[in-house]
Structure formats: C-alpha cells, structure tokens
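Everything below concerns the one structure shown next.
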Amino acid sequence: MALNFSAEQITLRQPDDWHVHLRDGEILKNVAISTARVFRRAIVMPNLSPPITSVEEAVNYRIRILDAIPKELSFTPLMTAYLTDDLSPKVLEQGHREGVFVAAKLYPANATTNSSQGVSDLKAIGSLFETMERIGLPLLIHGEVVDEDVDIFDREATFIDRHLQPLLVRYPKLRVVLEHITTEEAVQFVQDSKSNLAATITPHHLHINRNAIFAGGLRSDFYCLPVAKRERHRLALRRAATSGQTCFFLGTDSAPHLRGSKESSCGCAGIFNAQYALESYVTVFEEEGALERLEAFASENGPSFYGLPFNKSSVRLEKRPQQIPKQLQLKLANNSVEYLVPFHAGESLRWSLLPVEKSLNDN
Ligand code: DOR
Ligand code: ZN
C-alpha cells in the first residue's frame, strides 16, 4: 500500500500509537475508543495505581482494555511492564516468553504521574537491563532526572548526559526508545546514535512551546511532562518528525486527567490528545510540506523498530475543517458529571478522519 495524498484527501496505512495512557475503570471506558478508532495497535503505559508489575496484571488489564472497545473495531493493545527497584528479571522473561510484554517502561522515581514506585537508582537494576538486552525486550524511557539541582527545563538533556549515554555504552545491544522527546539535544542524540535507539514525538510538542503554558494566565491544559520547551526545540522536533528518518515515530503520550485534576492548585501533568491525534499530526506535516513522509512516521518506523508487521488496513482523512470541542463530557455510571479537555480545544483543525476501512487481509 502506498501513501496517497492530494490537496483534498490523504489515504495512509493505518497508524499505531507507540505511547499512550489508557488508564483504567471509568476513564478507560471513555477514552479507549478515541485511540482504537484510528490506531490499529498501541503501546499501553503501565503507570496505573498500583502499576503493572506482573504478567497476570498485564493480562487482566489487556482484557479490560479490549472490553472497553466496540467489537467492530480491530485494535491490539501492546502491554508493558513497569520497572521498579525490586522487580524480578524473571517477570520480564515470563512476560516476554508468553507474548504478553512487548516492552518495559522505566520511570525515574517521582519524575511524573504515578511514578513513585519507579526506579530510584539505575545502577541498581542492572540485572533487569541485562535480561532485556539478552531476550530483546525494548526499554522505554521517561528521560528526565529529578535531581533538585537541575532546572525543570534541563531535565531531559541532563538525563541524556548522566544516564542514557552511559546506559547505551554499558548495554550496547539493548533496544531503547526515548519517549516523548522535547529538546534539540534529544533529537541530536537520537540521530547520532546507532539503530538500537529511537524516539517518539507527541503532537503537542510539535504544536506548542512553553509560552502556551503561561499565555495570559496559567494554562494547565498545556502542562505535561516533560514540559514543553523553547521555540527552537519545537522547531527541531518538527524537523525530526517530518524528516523521514527511521529513528523517529509516532507516540501521542495522550494522558487523560479529569478537568478538576488539571485545574487545581497542584494540577496533574498530561494532555489528552487521542481524540484528534492524527488530524493534529497531519496539520504539522502539511505545514512543513512533508505529507509524503507522514506514513513513515505514523505507520512504518514504529513497527520496524519493534520488529512487528506493517498494518494492512488504511485510514483516510479529508480536508474538511472540524471544530474541536472545548471539553468532552464523560459517560459515567454514577450520573456524576466529569469532563476532559482535549488538545486543540476550541480550535478548528483543517483535516477530518473518515471511518477506518478494513482491508480483506487485516492483521
Ligand atoms: O504529562 C505526562 N503525563 N507525562 C507523563 O510522563 C505521564 C503522563 C500521565 O500518566 O499522566
Ligand atoms: Zn507517557
């Protein structure tokens, strides 16, 4: 299948989301469809409360995800393990052998939402890295240091210097994805590395710089981690995403938090972008004059890195403006009223997604 685009329509191989938070319970039931209506597969983050640290928990979580998705949609959740200081390498081996874990996620302890049980000392979990290197289980990294002496805007670049670089030297065959990169330094580092390092890029980091968080007041809808950086970093991310280089691929980092949890004296980090994610990426590729490289970023570079087949189904977008709602009301069992604010709330996007078509040979 080839990418097909004109001024009015784009047809592309169905994309996958290589980094998403689907949550659990009522939120899962509300948000899963936003991902499954456009993406064929998704790497599902394990930072639930409590986190996914066993094969059984991942299997049960996968069942809950599939239960939350309408039967007519073909969607495969790809499960991940949450690394902790005392996780046994045997859990990773078992999950990999049984085809449950597709990757494992490293959160430095207290770096972000539900990361308090993350890793406090990377040097102390060498046996996990050795195991992953040996069995070929990719390591997905939230690449930020949490040291008090490091400015929040420097956390990613410092993580690369202090931790990522030595890690790659020590475990040269480990396959690593530096998730949701936000800096020119990260772009450069990934580009200059060998093919066992890749990076995901979110729609929001392609659209906003750090000014968005403070435009006319404190705008918690644009607060996420790693936090958006200066304009020069956003431009570097745009060049990377639209470059066609195989080391960069789509990962939305869609991270829903109820409106009340965002608009609080200590608002949560995370942007819910799943609902309009593809339209958001398409806008960037169109603005950069790079629509012919959209398919590589959205649908090919990710599966190539993970050693998975390309999807056979396709999705279609047409140039029809759509108004993005200011908020989305959740359907809740107990009749209470809760909202999520989607990324691009109140804006108009130029492209609209058409319902997913299945090919005869859908995988
Ligand atoms: O903004 C974020 N939200 N960054 C993360 O790393 C986690 C995520 C979440 O789970 O809410
Ligand atoms: Zn994330």
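When we screen Arg23, Arg40 for residues that are within 16 Å of ligand 1 (Cβ to nearest atom), out of contact with any strand residue (DSSP E or B) (no Cβ under 6 Å at 6 or more places or on another chain) and charged (D, E, K, R), the only hit is Arg23. With the condition kept exactly as written, say whether any residue in the stretch 209-221 is open to solvent by 10 Å² or more (accessible area, probe 1.4 Å), under 18 Å from the mean Cα position of the chain (by Cα) and hydroxyl-bearing (Ser, Thr, Tyr). There is no residue in the stretch 209-221 that is open to solvent by 10 Å² or more (accessible area, probe 1.4 Å), under 18 Å from the mean Cα position of the chain (by Cα) and hydroxyl-bearing (Ser, Thr, Tyr).
Considering Leu92, Leu178, Leu106, which residue is free of Cβ contacts under 8 Å to residues at least 60 places away in the same chain and over 16 Å from the mean Cα position of the chain (by Cα)? Please lay out each step first, then the result.
Numbers: Leu178 fails: over 16 Å from the mean Cα position of the chain (by Cα); Leu106 fails: over 16 Å from the mean Cα position of the chain (by Cα).
Only one candidate passes the filter, namely Leu92.
Of all the criteria given as (1) among the polar types (S, T, N, Q); (2) part of a loop (DSSP other than H, G, I, E, B); (3) touching an Asp or Glu at 6+ places or on another chain (Cβ under 8 Å), the one not satisfied by Ser195 is (3).
Being in a loop (DSSP other than H, G, I, E, B) and at positive phi is a property that holds for Gly217. Among the residues of the stretch 300-331, how many are open to solvent by 50 Å² or more (accessible area, probe 1.4 Å) and either within 21 Å of the chain's Cα centre (by Cα) or modelled with pLDDT under 95 (or both)? Number satisfying all stated conditions: 6.
For Ala228, the requirement of being within 14 Å of ligand 1 (Cβ to nearest atom), surrounded by 16 or more Cβ atoms within 10 Å (Cβ to Cβ), free of Cβ contacts under 8 Å to residues at least 60 places away in the same chain and of a type in the set (A, V, I, L, M) is met. Those helices (runs of 4 or more DSSP H) of the stretch 245-363 in which 2 or more residues are over 23 Å from Glu72 (Cα atoms) and more than 16 Å from ligand 1 (Cβ to nearest atom) occupy 277-287, 301-306.
The values are calculated or read from the model by the stated rules, or taken from the named source; none is laboratory data. Note that the coordinates shown come from a computational prediction; the quantities given were computed from them, not determined experimentally. Counting neighbours? That spans all protein chains shown, and the Cβs are built from the backbone with ideal geometry, glycine included. Side chains included, ligands, DNA and RNA excluded: accessible areas come from the protein's heavy atoms. Shrake-Rupley method; radii C 1.70, N 1.55, O 1.52, S 1.80 Å.
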